Amino acid sequence: MTLFPHWMQRSLDAVLAPLARSLGASGVSPNAITTVGTLVLVGSGVAFAAAQVRLGALLLLLSGVCDMLDGKVARSNGLVTQFGAFYDSTLDRIGEAALFLGIAWYFVSGGVTGGLAPLAMAMTFIAAGAGMIVSYARARAEGLGLDCKVGIAQRAERIVGLGGPTLFFSAGPRGYLLLTLVSALAVLNVITVIQRIVHVYRITREARPEASRRATPALADPVGKGRRGT
């Protein structure tokens, strides 16, 4: 389950698909798009730190477009590589770290009233840390050959949920809107981590009885085929 309905995801895919094909035909590599997207995301963090909240939100949303495009360019043009997947995942984490560092700087520099600054910092660190664990959980599961794309707050939801409202309303009066969004993101990220842990536990638990059933015939019938040749 995700926060975005499937029809919205399909509509966005339909809009971006021609652009992805055009970029691939022009010789633009997915890794170049990944690099640009990360630089834009770092710029978002810098903008938040400088109290340019709307600019930070705009750059955050643009980085999300780049994040979707690099994968589409790779798949639609047969440019999927192991290094590309590694590079994309690594730079995503660098960009997110810069983003939340910028938001934290905004909070401690007077973005919220003094009494709320400790809470704002705590929520920012939880949102950042849990968000990275969300991504790590998927990568670790896929490294074990397991699918782990579940969760209520995947990367696209996190970007739009934080960037959309702040683009239109900035940080809100005394920074309350941004603090509320970051706090909600922290909660959703923690929930998503739990969902992925439970998901992997369930599919691995279901796999164990199946493996046991396959192993049972070799251990059964001690006087039959298992003892042949003795």
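The values are calculated or read from the model by the stated rules, or taken from the named source; none is laboratory data. Here the structure is a predicted model, which is why all the values come from computation and not from measurement. Reconstructed Cβ throughout: ideal geometry from the backbone, glycine too, with neighbour counts over all protein chains shown.
State all residues of segment 145-204 that are small (Gly, Ala, Ser) and either part of a helix (DSSP H, G or I) or without any contact (Cβ under 8 Å) to a residue 60 or more places away in the chain (or both); if no residue qualifies, say none.
Those that are small (Gly, Ala, Ser) and either part of a helix (DSSP H, G or I) or without any contact (Cβ under 8 Å) to a residue 60 or more places away in the chain (or both): 145, 156, 161, 163, 164, 172, 175, 183, 184, 186.
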Problem set entry | Verdict on residue 51 being outside any helix (DSSP H, G or I), more than 17 Å from the chain's Cα centre (by Cα), within 25 Å of residue 104 (Cβ to Cβ) and among the aliphatic types (A, V, I, L, M) | yes
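If I filter segment 35-57 for residues that are at pLDDT 85 or above, aromatic (Phe, Trp, Tyr) and buried (at least 18 other Cβ atoms within 10 Å of the Cβ), do I get at least one hit? Step through it out loud before you land on a result.
Taking segment 35-57 as the starting set, the residues that turn out to be at pLDDT 85 or above are 35-57.
Filter again for aromatic (Phe, Trp, Tyr), leaving 48.
Narrowing further to those that are buried (at least 18 other Cβ atoms within 10 Å of the Cβ): 48.
Looking through segment 35-57, at least one residue is at pLDDT 85 or above, aromatic (Phe, Trp, Tyr) and buried (at least 18 other Cβ atoms within 10 Å of the Cβ).
Out of all the residues in segment 12-38, which are part of a helix (DSSP H, G or I) and of a type in the set (Ser, Thr, Tyr)?
Of segment 12-38, the ones part of a helix (DSSP H, G or I) are 12-25, 30-38.
Result: 22, 34, 35, 38.
For segment 54-78, give me the residue count where each residue is over 21 Å from the mean Cα position of the chain (by Cα) and in a helix (DSSP H, G or I). Let's see the steps before the verdict.
Residues of segment 54-78 that are over 21 Å from the mean Cα position of the chain (by Cα), as a first pass: 54-55, 76-78.
Still in the list and also in a helix (DSSP H, G or I): 54-55, 76.
Result for segment 54-78: 3.
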For this session: Sort through 80, 134 and tell me the only one that's of a type in the set (Val, Ile, Thr), more than 26 Å from residue 52 (Cα to Cα) and modelled with pLDDT under 90.
Result: 80
Exercise. Under the condition of being buried (at least 22 other Cβ atoms within 10 Å of the Cβ) and touching a residue at least 60 places away in the same chain (Cβ under 8 Å), which residue from segment 125-144 is nearest to the chain's Cα centre (by Cα)?
Worked result: 134
Exercise. Of the conditions (1) assigned to a helix (DSSP H, G or I); (2) modelled with pLDDT under 90; (3) buried (at least 18 other Cβ atoms within 10 Å of the Cβ); (4) small (Gly, Ala, Ser), residue 218 fails just one. Which one is it?
Worked result: (3)
For this session: Go through (1) more than 30 Å from residue 103 (Cα to Cα); (2) at pLDDT below 90; (3) touching a His at 6+ places or on another chain (Cβ under 9 Å) and name the single condition residue 151 misses.
Result: (1)
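Would you be able to say whether some residue in segment 86-93 is acidic (Asp, Glu), buried (at least 16 other Cβ atoms within 10 Å of the Cβ) and out of contact with any Gly (no Cβ under 7 Å at 6 or more places or on another chain)?
At the first step, the residues of segment 86-93 found to be acidic (Asp, Glu) are 88, 92.
Filter once more, so that each one left must be buried (at least 16 other Cβ atoms within 10 Å of the Cβ): 88, 92.
Within this subset, residues satisfying the condition of being out of contact with any Gly (no Cβ under 7 Å at 6 or more places or on another chain) are 88, 92.
Yes - at least one qualifying residue is present in segment 86-93.
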